[in-house]
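Participant: One structure follows; several queries about it will come next.
Coordinate-derived values only; no laboratory data. Quantities reported herein were computed from a predicted structural model and do not represent experimental measurements. Methodologically, a virtual Cβ is constructed for each residue, glycine included, from the backbone with ideal geometry; neighbour enumeration extends over all protein chains shown.
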Amino acid sequence: MTTATAPRSARPSRPARTLAGPLTLVVFAAITWWAASDEFGIDFDIGGLLSNLTRGADILAEFWPPDLTVLPRTIGPMLETLQMAVIASVIGCAVALPVAFLASRVTTPNTVAYVFDRAILSVVRALPDVLYALVFVAALSIGPLPGILALILFNIAVVAKLLSETVDGVDPGPLEATRAAGANRIQTVRWAVLPQVLPNYVAYSLYAFELNIRASAILGIVGAGGIGNLINETRRFFQYDKLMVVVIEIFLLVIIVEWISIWLRRRLV
Amino acid sequence: MTASDPTAVTGRPSPPGQTTKRIATLLLALVVVGAVLTVDVEIERLIDLPAALAQIFSRMFLDPAPEWSYFGDALSAMLESVQIAWLGTIIGAFLSFPLAFFGAKNITSGLVSNVIRQILNAIRAIPEIIVAVVVFIPMVGLGAYSGTLAIGVHSIGTLGKLSAEVIEGIDSGPVEAARAAGGRPLQIQRWGVLPQVLPEIVAFWLYRFEINIRASAILGAVGAGGVGEALVQSLVYRRFDRAGMLIIVIIVITILIDTASGWMRRRIIEGGDRPSRGDLVEQPERADVELRPFASSGAARMDTDVG
């Protein structure tokens with residue numbers, strides 16, 4: 001072969017041209033056309049938007065200045081949002097721990113249990129929290145209870161998914177050591193796996209709490225308790241200046257919880 | 001080692017201090033107990049809970065069975081959600097892409113990147129359903145159009161942040177090479193930065209699309225289009241058979257798209273069977289960046305919204 005003796009300074013050969021690139025672009029364009037078209041899609045018209053930018057201006061103007069007289073009324077729902085997030089995080093993360101161990105090959109060699117657990121997890125993950133809340137509100141009527149249940153499912157899905165991936169990657173050394181010392185499966189998990197993944201588990205739980213705050217703030221829109229309830233009320237009566245107060249509060253709550261959570265996570269991991 | 005040596009390791013190391021841990025546990029326990037005791041949930045409702053859940057489950061999926069004649073309508077409602085998510089993701093990707101360059105510390109000055117990052121964080125903190133209610137429904141009215149725009153705007157936050165982090169993780173070699181060859185600022189970005197970051201950023205777009213499908217499914221709750229609207233209607237009119245059908249369709253379509261998109265992301269990041277980037281250039285220090293969003297470690301997937 002001459003290439004073997006070719007000088008190092010020679011350019012590398014161009015990668016072979018394939019159809020994959022252009023084909024991807026064609027598929028991308030086709031899906032976009034399908035989604036934006038009047039006939040099959042949602043009739044997306046960017047020109048219309050730009051020429052209509054001022055259309056909602058008078059409504060948007062009603063948001064300002066925020067009407068602070070609504071502030072006392074927001075305290076109760078705001079606390080309820082926090083309560084829902086705290087309770088759902090604790091229950092959801094506790095349930096997620098065994099579920100995560102069942103969803104990893106490392107801790108669950110039994111194929112049936114493993115496949116079953118993962119299938120359930122991906123089904124649970126496919127439905128968003130607000131849809132769970134809708135269904136639970138229909139079953140249990142309004143209030144924080146359906147909201148808490150929806151958040152619990154959402155937590156299990158998130159934490160178990162992240163944690164099972166961490167369990168997949170644990171150092172096998174301690175596993176072998178405990179097994180060699182005669183530990184059964186549960187003892188192995190307790191003494192070889194859990195200590196390795198505990199910091200991650202706490203970090204994921206904090207992260208889930210952060211997501212819960214965001215979620216529980218909007219669950220009230222479908223009647224599942226918390227501050228979202230006020231979004232609906234003020235919106236229904238076109239009290240946009242009051243709605244603005246609620247939005248600002250949610251914004252601040254989310255930002256503050258995120259700061260605290262990131263600070264704690266940095267200390268942990 | 002003799003006993004007289006004071007530094008000798010004589011036995012077990014002393015256990016690490018427990019004080020902070022105990023205080024933290026106590027505080028957490030107080031908060032949780034406080035929340036449980038004060039939350040507005042009557043105990044009778046908790047007792048009825050299993051029966052109520054079993055009943056709605058049975059009315060949605062078993063008796064009567066999901067209404068198959070409704071399948072077509074359910075599917076087209078879900079496809080509208082997919083369309084909203086797709087177009088919303090494109091808007092988010094398109095607008096976040098330039099912002100990500102301005103938000104990367106190694107591309108612009110510290111001040112500019114800080115300001116951009118704070119703006120992106122602020123956008124991220126407002127859920128899309130609120131963006132829809134507060135901005136776009138008043139502006140363009142009810143319907144899928146508002147939902148698309150809301151998802152697009154919210155996506156700018158996460159996509160911009162994650163893309164900026166990818167750009168901050170690049171190897172500075174190609175940038176220096178492009179500069180040394182006399183590249184103008186834009187050419188340096190095009191040939192020094194873009195080829196390094198594009199695969200990961202495109203993978204983020206796909207991942208965001210998966211998340212946006214879930215987001216667009218709930219936008220119907222405020223009248224911003226998609227399958228959520230149909231679900232609200234069916235539940236309001238107690239048509240649980242239809243609700244069951246809708247839920248089945250949502251789950252199946254979501255899982256199908258997740259699977260396809262996940263496969264594409266893996267191909268984009270790891271390459272197909274052709275030699276990948278990694279074979280051509282040694283990049284040991286990139287290992288942690290590669291791990292960040294997609295590989296098996298979940299730690300950093302956290303940086304994106306799972307929800």
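Participant: Give the span of the protein assembly as shown's Cα atoms along each principal axis, as three whole-Å numbers ordered largest to smallest.
Facilitator: In descending order, the Cα extents are 77, 72, 50 Å.
Participant: Bin width 10 Å, origin at 0, all Cα-Cα pairs of region B:145-230: what percent of pairs per bin?
Facilitator: Spelled out bin by bin, region B:145-230 gives 17, 33, 23, 16, 9, 2 percent.
Participant: Still on this structure, please answer the following. Compute the relative contact order of chain A as a whole-number percentage, counting only Cα pairs closer than 8 Å that sit 6 or more residues apart in sequence.
Facilitator: 24 percent
Participant: Round to the nearest 0.05 the FRET efficiency obtained for B:Val33 and B:Trp263 when R0 = 35 Å and r is the Cβ-Cβ distance.
Facilitator: That gives a FRET efficiency of 0.15.
Participant: Quote the convex hull volume per residue of region A:114-233, based on C-alpha atoms, as a whole number of Å³.
Facilitator: Convex hull volume per residue, Cα atoms: 108 Å³.
Participant: Turning to a different aspect of this structure: What nm distance separates the two modelled labels at A:Val123 and B:Ala51, each placed 7 Å from Cα along Cα→Cβ?
Facilitator: 2.5 nm
Participant: Return the average number of partner chain Cβ atoms within 10 angstrom of each residue Cβ along peptide A:188-200.
Facilitator: Across the residues of A:188-200, the mean count of other-chain Cβ atoms within 10 Å is 0.
Participant: Considering only the other residues whose Cβ falls under 11 Å of the Cβ of B:Ala85, what net charge follows from Lys and Arg at +1 and Asp and Glu at -1?
Facilitator: -1
Participant: Let me ask something additional. So for the pair A:Arg190, A:Phe251, with labels modelled 7 Å out along Cα→Cβ, what separation do we get in nm?
Facilitator: Reported label-point gap for A:Arg190 and A:Phe251 is 5.1 nm.
Participant: Taking the Cα centre as origin and putting +1 on Lys and Arg beta-carbons and -1 on Asp and Glu beta-carbons, what dipole magnitude results for chain A, to the nearest 20 debye?
Facilitator: 1240 debye
Participant: What's the exposure ranking of B:Arg117, A:Arg105, B:Arg179, going from fewest to most Cβ atoms within 10 Å?
Facilitator: A:Arg105, B:Arg179, B:Arg117
Participant: Then there's this: Just want the answer: with Cβ charges of +1 for Lys and Arg and -1 for Asp and Glu, which residue in B:Ile126, B:Ala178, B:Gly143 is farthest toward the dipole's positive end in region B:34-185?
Facilitator: B:Ala178
Participant: In the neighborhood of B:Ser234, defined by Cβ-to-Cβ distances under 9 Å, what is the net charge if each Lys or Arg adds +1 and each Asp or Glu adds -1?
Facilitator: Computed value for this residue: +2.
Participant: Could you give the semi-axes, largest first, of the ellipsoid that matches chain A, computed as the square roots of 5 times the alpha carbon gyration tensor eigenvalues and rounded to whole Å?
Facilitator: Each semi-axis is √(5λ); the values are 42, 35, 19 Å.
Participant: I'd like to know which of A:Phe63, A:Val193, A:Ser89 lies farthest towards the positive end of the charge dipole of chain A, counting +1 on Cβ of Lys and Arg and -1 on Cβ of Asp and Glu.
Facilitator: Of A:Phe63, A:Val193, A:Ser89, it is A:Val193.
Participant: With no solvent and one equal point scatterer placed on each C-alpha of region A:197-269, evaluate the Debye formula and give log10 I(q)/I(0) for q = 0.13, 0.14, 0.20, 0.26 Å⁻¹, two decimals.
Facilitator: -0.46, -0.52, -0.80, -1.06
Participant: At q = 0.23 Å⁻¹, work out log10 I(q)/I(0) for region B:100-207 with the Debye formula, treating every Cα as an identical point scatterer and leaving solvent out; two decimals please.
Facilitator: -1.14
Participant: What whole-number volume per residue, in cubic angstrom, does the convex hull of the C-alpha atoms of region B:46-134 give?
Facilitator: 181 Å³
Participant: Then there's this: How do A:Ile120, B:Ile211, B:Ile151, B:Ile130 line up, fewest other C-beta atoms within 10 Å first?
Facilitator: A:Ile120, B:Ile211, B:Ile130, B:Ile151
Participant: According to a simple spin-label model (label point 7 Å from Cα along Cα-to-Cβ), what is the distance in nm between A:Ala177 and B:Arg12?
Facilitator: Rounded to a tenth, the inter-label distance reads 1.4 nm.
Participant: Can you compute the FRET efficiency between A:Leu71 and B:Asp63 using 1/(1 + (r/R0)^6), with r the Cβ-Cβ distance and R0 = 45 Å? Round to the nearest 0.05.
Facilitator: Once the sixth-power term is evaluated, E becomes 0.40.
Participant: Moving on. Expressed in nm², what is the orientationally averaged projection area of the convex hull enclosing the Cα positions of region A:60-120?
Facilitator: The Cα convex hull of region A:60-120, projected and averaged over all directions, gives 7.4 nm².
Participant: Roughly how many Å is it from the Cα centre of region A:177-200 to that of region A:214-269, as a whole number?
Facilitator: One Cα centre to the other: 40 Å.
Participant: Separate question: Could you please rank A:Trp191, B:Trp68, placing first whichever residue has the fewest other Cβ atoms within 10 Å of its Cβ?
Facilitator: Listing A:Trp191, B:Trp68 from fewest to most nearby Cβ atoms yields B:Trp68, A:Trp191.
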